[in-house]
Amino acid sequence: MQRLAPALRQDNVPLDLISLIQAILTASKDISFRVGQGHLNDLLGSTEDENVQGEVQKKLDVISNDLLKEIILESGFVKAISSEEEDNCVAGNEDGKYLVSFDPLDGSSNTDINSLIGTIFSIHEAPSNLAANDNDMFKQAGDKQVCAGYVLYGPSTMLAMTTGSGTHFYVLDKTYGEFILVERNVQVPAETAEFSVNMSNQRFWQAPMQNYINDLLAGNTGPRGKNFNMRWIAAMVGDIHRVLCRGGIFTYPTDSKDASKPNKLRLMYEANPMAFLLEQAGGLAMTSQGRIMDIQPDSIHQRVEVIMGSKNEVETCLSYYK
Ligand code: FDP
């Protein structure tokens, strides 16, 4: 059993990045405790407000955002943060070396039903030629991430993280308040018989995705010649955790349900960090047009199509678009 800091030192992670990761995890331990209290501290339900994306904010979204923002900025290692719950980036130390993007509580519709939720984060190096309050600093491809991870608040609190030397799993030992390494170099099986998608949107998808899913549903009577199982947790962090654990394909495809919002998931604090984790575990993370981590962002709240998971299954899905 190895504690987090020695495990990171083994991967030659610089000391300032280790300190920043520990700051993020300090906030996540607090969030884990508050989420675990459920009804007991009156934190379930919504606030009166909406975030920049017009989504109703949950009380726990706001508290988690404030905790992360405060602790990360206090660390001094960070030039700015950007968050799902903030309209613009929030400046930190002008000389800070890093930028952190995060979704403080992913899958927030699950908070009120005591189901899986998590914090997703992504770290880039900060450019030195831009001011700490300039959103443009964040317009860096996912390929430039130096660290990505999520903390899953489930029956146990788990951290999945990569610094570019494989994806590792840790469990929060609540007796001592420490994350302990439980699996080094997680590997996503290339083959799978499990898919994850919100099927209620099927009629709004583009034809290639409709055809692909129809062939999965046809099972051993269709062209794929085998039966597929479906899972949808409705929190990306929970669905991607399952894919990292046992394989699968996860997609939130482009749809025509709302012409102003053809894609749902956010590039900077959902798609990119999950893409880094999956690629480091031998999986693939794509849109129908190319690799997620190659996308040059044009805004901090940009949304993208997501098709990710077991390598061979993602490739099969993409073959329907050719
Ligand atoms: P949520 O809106 O509840 O925060 O972040 C977006 C997200 O959850 C993902 O975590 C999840 O995969 C997806 O949206 C759920 O979408 P549906 O509402 O279509 O099920």
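Some values worked out for this structure:
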quantity: Cα-based shape type of the range 261-309, given that a ≥ b ≥ c are square roots of the gyration tensor eigenvalues and the cut on a/c is 1.5; calculated: prolate
quantity: Pair D95, N133: separation of 7 Å Cα→Cβ label points (nm); calculated: 2.1
quantity: Computed FRET value (nearest 0.05) for Y321 with S46, which takes r as the C-beta separation and R₀ as 45 Å; calculated: 0.75
quantity: Carbon/sulfur fraction of accessible area - the chain, other protein chains in place, 1.4 Å, %; calculated: 47
quantity: Cα-derived Rg to Rh of the range 62-156, Kirkwood definition; calculated: 1.00
quantity: Rounded tilt (10° steps) of 59-74 against the dominant C-alpha axis of the chain; calculated: 50
quantity: Cα-Cα over 18 Å, subset of K58/K79; K264/K322; K139/K261; K97/K144; K261/K311; K79/K144; calculated: K58/K79; K264/K322; K139/K261; K261/K311
quantity: Value of relative contact order over the chain, rounded to a whole percent, pairs C-alpha under 8 Å and six or more apart; calculated: 16
quantity: Extension gain from M199 to K226, taking 0.36 nm per residue of separation minus the Cα-Cα distance; calculated: 7.8 nm
quantity: Estimated distance in nm for a label pair at E70 and S260, the labels positioned 7 Å out from Cα along Cα-to-Cβ; calculated: 3.4
quantity: Heavy-atom accessible area per residue - the chain, 1.4 Å, Å²; calculated: 41
quantity: For the chain, the Rg and Dmax computed from alpha carbons only, in angstrom; calculated: 19.0, 61
quantity: Ordering of 172-180, 257-265, 204-212, 301-309 by packing [mean C-beta count within 10 Å, highest first]; calculated: 301-309, 204-212, 172-180, 257-265
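The values are calculated or read from the model by the stated rules, or taken from the named source; none is laboratory data. Worth saying up front: this structure is predicted, and the values here are computed from it rather than measured. In this analysis, Cβ positions are derived from the backbone assuming ideal geometry, glycine residues included, and neighbour counts consider all displayed protein chains. Side chains included, ligands, DNA and RNA excluded: accessible areas come from the protein's heavy atoms. Shrake-Rupley method; radii C 1.70, N 1.55, O 1.52, S 1.80 Å.
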